[in-house]
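The values are calculated or read from the model by the stated rules, or taken from the named source; none is laboratory data. On a predicted model such as this, the values are computed, not experimentally measured, just so you know. Cβ sites come from the backbone with ideal geometry, for glycine too, and all protein chains shown count toward neighbours. With ligands, DNA and RNA removed, areas are computed over all heavy atoms of the protein, side chains included. Shrake-Rupley method; radii C 1.70, N 1.55, O 1.52, S 1.80 Å.
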Amino acid sequence: MLKIGDVLDLGIPAQKFIIKKTAPETSGQSLEMEWELGPQTGGPPIHIHPHAIESYEVLQGKFDVYVNGDWKTLSVGEKVAVEKGVPHTYRNASHETTRVYNTHQPALKFDGYFEGLHTLAKRGIFKSNQMTFKAILYLSVLMTKHKDETQLVSPPYVITQVFGFIGRLLGYKV
């Protein structure tokens, strides 16, 4: 279980997430993290949160957010909220470190999802920022377990389900 101050290493160079508030501290209202993204760090594939709003506030540097087909660069103090079901992703395209305050509302089971990513990174499933077939299967197992929290836009969710099924058949667990 996540607790305040935990640092999640997601296996992506120069990317760490520091837990600021967990579901128990907010009575399930939110999971809140401070992200530190190294220079020229990409984010996840375009995805949606079917039942949650995700918001970002830039604390340091510049932060690019893709929301529903458009990229926007945010500077210190600027915020953006992504509504439920809206395709989005992020990146730090700048040459300096960026810090972002991130919130998922409500908390749902995002803590388990991010813990799962951290666990897979610690196991060495993600190698040198490359997406191997094994990593895709593990991520699909995790994402099908957390379909209420997050779903990829491309490939379509049905593909994630198929890969998750294959991963579970092979005994992959997160």
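Summary table below
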item	result
Which of PHE133, PHE126, PHE17, PHE163 is most accessible, then next, and so on - probe 1.4 Å	PHE133, PHE163, PHE126, PHE17
Cα shape, segment 89-155, gyration tensor, a/c 1.5 rule	oblate
Contour minus Cα-Cα distance for GLU25 and LYS173 (0.36 nm per residue)	50.5 nm
Sparsely packed trypsin sites (Lys or Arg not before Pro) within segment 104-158, loop by DSSP, other Cβ within 10 Å at most 13	ARG123
Over the chain: Kirkwood hydrodynamic radius from C-alpha pairwise inverse distances, Å	16.3
Longest site-free stretch - the chain; sites: GluC sites (Glu not before Pro), DSSP loop, at most 15 other Cβ within 10 Å	97-174
Karplus (6.51, -1.76, 1.60) ³J(HN,Hα), θ = phi - 60°, over segment 50-58, in Hz, Gly and Pro reported as x	x, 10, 9, 9, 10, 10, 10, 10, 7
The chain - percent of accessible surface contributed by carbon and sulfur, probe 1.4 Å	54
Computed P(r) (all Cα pairs; segment 1-97; 5 Å bins; percent)	3, 13, 20, 24, 24, 13, 3, 0
Cβ charges +1 (Lys, Arg) and -1 (Asp, Glu), total dipole of the chain, debye	640
Overall form of segment 72-121 per C-alpha gyration tensor (a/c, 1.5; a/b vs b/c)	oblate
